[in-house]
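Worksheet for the structure shown next.
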Amino acid sequence: MFTALGLSDSAALWLIRHLVDFAVKGSVLVALVWGASLFLRGASASLRHLLWTATVIALIMLPILPPLVPSFEMGIVPELPPVFPLESVDRPAADINDRNPLEAESTAIGGPKDVRTRGFPWTTWAAAAWFLGGLLTMAWIGFGKIGLILIERRSLPLMNESRTGLMDGLRRHMSLRRPVRLYLNPASTVAINRGVVRPRIILPSEAAGWEPERLRIVLLHELAHIKRLDGLVDPFLNAALVVFWFHPLVWLAARRLRAERERACDDVVLTAGIKASVYASHLMDVASELGSRPKPLWQVVTVSQGSSLKDRLLCILDPKLRREGAPLRYAIPSVLLLAGFLLAIASVRIWNAPSRAAIDASASAAGGARAREAPASEKVSPAHDDALAANSDRRIRTLVEMLGHDDTDMRRMAVRSIAGFPPDNRLEPLLLAMANEVTEVRKLALAGLVGIEEPRARLALEKALEDASSEIRIAAAKAIAGLEPRVSIPLLVKAMSNEVAQVRKIAIRKLIEIDEPSSRETIRKALGDKDETVRRAAAAYFGTERTGANAG
């Protein structure tokens, strides 16, 4: 499925890593806001709604912010190792002759191949499941939107002057400057508000016979939605649900946002002079009428508000609750605190480096599993060994391709995995990684060059001592210090002339530790080094040497 969409296995791994990253950070964010909303349960519903709205927008910003803010490592989630799919392996003709005639004939049609079929890694299936779930969620939301559009197109303008005059009076009372048009629709069972720039209110056909008090209550509630610009929040909410459809806390956040939105509009109705008992009685009547009618599916999608009638009635009848809008003295600090927390968690890298065992297990998944399952005759077959070697080359090529991935973490994971291969296999990829523009990738490549007794590996370490980045020079000095003395001494002597003080500190410590007569002249010159730590190390070395000579 994903191959047809042009998404490779490495891209699927990248997608799953980011989804896990966003899910973990989103969980922390929603949990924090949930605790804050409990703390603010005595505040107005408008303030809590503002907080949940900011949370939903923050969830959408989570995938956007990490490349734009500084990052620091936390390593709380084990890194996912690269996943290599099982592939068919060429088998020698001699092995085919040992099979029964039917198997040999079927194999000969496409050439000598292993009978095992190619399998997809779990990350590809997980990415496909996320994609399918997002499509289904989008279709569910889109179905509701289409239903609203059809309802609006089949609605007729309400021309009754007394009804429109009542609405205009309420609009002026609420200081709502945008003109609002009234419509009637026989298919609608509830009042609906549509639009932000040119708002419309669609009432059920029964509204033509409603008493003025009931119509006033309904219009106040819908005008409150329009004045609060609640329609602007829905695209963000829908986007969060499509991306995080698998996350129960995101659905919880959506439910709380809708509940607080309805309660905030209820507060507007009550502050306009409607008695709480009258408004509660109206809601009971509406619930009774809706309960006796079948509810269309589009209404299930779009009009469900996430709060039960009982909760709304309890809030309406509670005289102790605050009904005013979100005060700026509370709203601005709350949003700023949430924005600061969002920037903090967006900068955290939650992934830890994969263990060597995980890398080896992943890197040998295609060939190793087959080798364990194969008969003894196949294990000793030279042709089969060549096939496994070719399969290893394919895995390395996949990792080399990952070195050019847009995501820095994928590049780092690729070079770590390359470093787990035998020296003969990893040299060329590591030399390619040394040309990578990401400093961390080059540092990991330097560490992987240790243990390779190839002149090109030593040349790469020597060249890294002249890198434009001081971090790379320091990493090169550390890598050189890990080589055998016969190889490291010439490079350490050269490092003693490096302008980066930390490089010279690493070199002098290692030269003193090796204590070769050929390097004593270099240590003696270090007595005049610009760095005090280097001078002290050299002086301590010669002081110890003289003490030892006197003792002898």
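The values are calculated or read from the model by the stated rules, or taken from the named source; none is laboratory data. Just so we're clear, the structure is a prediction, and the values are computed from it rather than from any experiment. Please note: Cβ atoms are built from the backbone with ideal geometry, for glycine as well, and neighbour counts cover all protein chains shown.
Here is a check on your reading of the model: is residue 503 over 25 Å from residue 428 (Cβ atoms) and either surrounded by 21 or more Cβ atoms within 10 Å (Cβ to Cβ) or touching a Cys at 6+ places or on another chain (Cβ under 6 Å) (or both)?
Details: over 25 Å from residue 428 (Cβ atoms): yes; either surrounded by 21 or more Cβ atoms within 10 Å (Cβ to Cβ) or touching a Cys at 6+ places or on another chain (Cβ under 6 Å) (or both): yes.
So residue 503 passes the test.
Residue under question is residue 189, and the condition is that it be in a helix (DSSP H, G or I) and assigned by TED's automatic domain parsing to the domain that holds residue 324; does it hold?
On the way: in a helix (DSSP H, G or I): no; assigned by TED's automatic domain parsing to the domain that holds residue 324: yes.
Here the answer is no, as residue 189 does not meet what is asked.
Exactly one condition in (1) at pLDDT 80 or above; (2) not in a helix (DSSP H, G or I) is not met by residue 406; state its number.
So residue 406 meets the others, but not (1).
Return only the number of the condition from (1) modelled with pLDDT under 65; (2) within 33 Å of the chain's Cα centre (by Cα) that residue 292 does not satisfy.
Only one criterion in (1) modelled with pLDDT under 65; (2) within 33 Å of the chain's Cα centre (by Cα) is unmet by residue 292, namely (2).
Going through 234, 230 one at a time, which residue ends up being in the same structural domain as residue 256 (by TED's automatic domain parsing), out of contact with any Pro (no Cβ under 9 Å at 6 or more places or on another chain) and without any contact (Cβ under 8 Å) to a residue 12 or more places away in the chain? Let's see the steps before the verdict.
On the way: 230 fails: without any contact (Cβ under 8 Å) to a residue 12 or more places away in the chain.
234 is the lone residue from the list that is in the same structural domain as residue 256 (by TED's automatic domain parsing), out of contact with any Pro (no Cβ under 9 Å at 6 or more places or on another chain) and without any contact (Cβ under 8 Å) to a residue 12 or more places away in the chain.
Checking residue 451 against (1) on the phi < 0 side of the Ramachandran plot; (2) surrounded by fewer than 20 Cβ atoms within 10 Å (Cβ to Cβ); (3) not charged (D, E, K, R), which single condition isn't satisfied?
Result: residue 451 passes all but (1).
Suppose we keep only residues that are surrounded by 15 or more Cβ atoms within 10 Å (Cβ to Cβ) and β-branched (Val, Ile, Thr) within region 197-243. Which one would you say is nearest to residue 276 (Cα to Cα)?
217
Looking at 492, 527, 459, 511, which one is more than 25 Å from residue 436 (Cβ to Cβ) and either surrounded by fewer than 18 Cβ atoms within 10 Å (Cβ to Cβ) or of a type in the set (Ser, Thr, Tyr) (or both)?
The conditions single out 527.
Does region 530-544 hold any residues that are without any contact (Cβ under 8 Å) to a residue 12 or more places away in the chain and surrounded by 14 or more Cβ atoms within 10 Å (Cβ to Cβ), and which are they?
Result: 535, 536.
Helices (runs of 4 or more DSSP H) wholly in region 462-552 with at least 3 residues that are over 46 Å from the mean Cα position of the chain (by Cα) and among the small types (Gly, Ala, Ser) - which ones? It would help to see each step written out before you state the result.
Working: elements: 470-481, 485-495, 501-514, 520-525, 532-551.
Correct list: 532-551.
Out of curiosity, is residue 13 in a helix (DSSP H, G or I), surrounded by 20 or more Cβ atoms within 10 Å (Cβ to Cβ) and in contact with a Pro (Cβ under 7 Å, 6 or more places away or on another chain)?
Values: in a helix (DSSP H, G or I): yes; surrounded by 20 or more Cβ atoms within 10 Å (Cβ to Cβ): yes; in contact with a Pro (Cβ under 7 Å, 6 or more places away or on another chain): yes.
Criteria met by residue 13.
What residue, among those in region 144-174 that are under 17 Å from residue 224 (Cα atoms) and without any contact (Cβ under 8 Å) to a residue 24 or more places away in the chain, is surrounded by the fewest Cβ atoms within 10 Å (Cβ to Cβ)?
In the first step, residues of region 144-174 are kept if they are under 17 Å from residue 224 (Cα atoms); the result is 164, 166-174.
Then drop every residue that is not without any contact (Cβ under 8 Å) to a residue 24 or more places away in the chain, which leaves 164, 168-169, 172.
Values: 164: 15, 168: 15, 169: 12, 172: 10.
Among those residues, the one meeting the criterion is 172.
Just one of the numbered conditions (1) farther than 30 Å from residue 20 by Cβ; (2) in a loop (DSSP other than H, G, I, E, B); (3) not basic (Lys, Arg) is not true of residue 223; which one?
(2)
Tell me which of these residue 438 doesn't satisfy, since it passes every other one: (1) outside the structural domain of residue 504 (by TED's automatic domain parsing); (2) β-branched (Val, Ile, Thr); (3) buried (at least 18 other Cβ atoms within 10 Å of the Cβ).
Only one criterion is unmet by residue 438, namely (3).
Does region 279-287 contain at least one residue that is at pLDDT below 75 and not acidic (Asp, Glu)?
Within region 279-287, the first condition is being at pLDDT below 75, and the residues that meet it are 287.
Among the residues that remain, those that are also not acidic (Asp, Glu) are: 287.
Within region 279-287, one or more residues are at pLDDT below 75 and not acidic (Asp, Glu).
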